[in-house]
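One structure below.
The values are calculated or read from the model by the stated rules, or taken from the named source; none is laboratory data. Values in this document were obtained by computation on a predicted structure and should not be read as measured data. Glycine also receives a Cβ, built like all others from the backbone with ideal geometry; neighbour counts cover every protein chain displayed.
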């Protein structure tokens with residue numbers, strides 16, 4: 001059969017790269033025509049705010065990683081690409097500290113994060129325990145990004161922490177501005193009462209279950225979840241505050257791939273308390289031949 005219009009066949013080969021902390025290699029197969037790339041950064045860990053008796057705030061939720069997706073003619077690429085997948089940030093376990101930032105994911109021509117060797121990276125800044133999102137990747141900064149057509153999506157900031165009044169931790173909606181979400185904020189507390197942690201609401205035909213923040217005194221936030229086909233997921237719920245002048249607040253829930261961990265609830269002690277862990281990033285490369 002003569003392929004008059006040079007339309008790629010339905011034959012596909014998909015490889016998913018997970019976070020290992022090291023560069024991994026992708027080898028271009030024979031007869032490859034087009035390469036599709038999905039590059040997701042790691043989510044940030046949830047925070048613990050200042051601990052102590054009386055009114056105390058919950059911790060900020062961790063932010064979600066940025067996303068870059070694109071398509072490149074295979075003949076423009078070398079035989080080997082180098083992949084570094086960003087790891088999710090660990091949640092805080094210490095008084096008045098943010099969680100560890102999520103790592104940026106990179107795809108390049110060399111085992112390097114230098115802009116001059118990159119095809120793309122998931123974002124310009126990392127996902128952190130902050131309401132400020134990881135900034136959108138600037139494709140023009142990567143010279144070899146001009147080999148293909150790319151779309152970049154900014155990360156999502158974490159949920160705001162509940163204050164000392166006390167107030168509830170900030171919630172987020174799944175499938176809002178991105179395929180991933182930040183974590184819910186931790187709830188605040190006082191001597192006489194507590195507030196709940198932030199939740200991740202999920203009103204869609206794909207993500208139908210809400211990820212709850214802690215709603216009882218010092219209750220932990222739930223872990224996030226998601227699906228690979230179609231790709232989407234949620235951050236962890238925020239922990240509820242601990243009523244009174246002793247005891248631990250609720251832990252933050254862990255985020256799914258690329259999603260933020262929940263913030264810890266307001267507390268009088270950090271020993272044994274933690275913010276939720278951010279989810280590792282992912283790189284998915286599909287070959288059309």
Considering region 107-131, residues that are within 12 Å of the chain's Cα centre (by Cα) and in a loop (DSSP other than H, G, I, E, B), and then whichever is surrounded by the fewest Cβ atoms within 10 Å (Cβ to Cβ), we arrive at 126
Any residue that is over 17 Å from residue 57 (Cβ atoms), touching a residue at least 40 places away in the same chain (Cβ under 8 Å) and in contact with a strand residue (DSSP E or B) (Cβ under 9 Å, 6 or more places away or on another chain) - is there at least one of those in region 238-252? no
Mind telling me which of the residues 153, 104 ends up being touching a residue at least 12 places away in the same chain (Cβ under 8 Å), touching a strand residue (DSSP E or B) at 6+ places or on another chain (Cβ under 9 Å) and buried (at least 24 other Cβ atoms within 10 Å of the Cβ)? 104
Residue list for region 201-234, filter: in contact with a strand residue (DSSP E or B) (Cβ under 6 Å, 6 or more places away or on another chain) and closer than 16 Å to residue 59 by Cα: 217, 222
Can you say whether residue 56 is farther than 28 Å from residue 125 by Cβ and either crowded, with 19+ Cβ neighbours inside 10 Å or at pLDDT 95 or above (or both), as far as the supplied structure shows? yes
Can you tell me which residue within region 193-206, out of those that are modelled with pLDDT of 95 or more and assigned to a loop (DSSP other than H, G, I, E, B), is surrounded by the fewest Cβ atoms within 10 Å (Cβ to Cβ)? 193
Just to be sure, is residue 72 touching a strand residue (DSSP E or B) at 6+ places or on another chain (Cβ under 8 Å), surrounded by fewer than 24 Cβ atoms within 10 Å (Cβ to Cβ) and either free of Cβ contacts under 8 Å to residues at least 60 places away in the same chain or outside any loop (DSSP other than H, G, I, E, B) (or both)? yes
Can residue 180 be described as surrounded by 24 or more Cβ atoms within 10 Å (Cβ to Cβ) and closer than 18 Å to residue 128 by Cα? yes
Counted residues in region 12-27 being closer than 17 Å to residue 112 by Cα, under 19 Å from the mean Cα position of the chain (by Cα) and not in a loop (DSSP other than H, G, I, E, B) come to 1
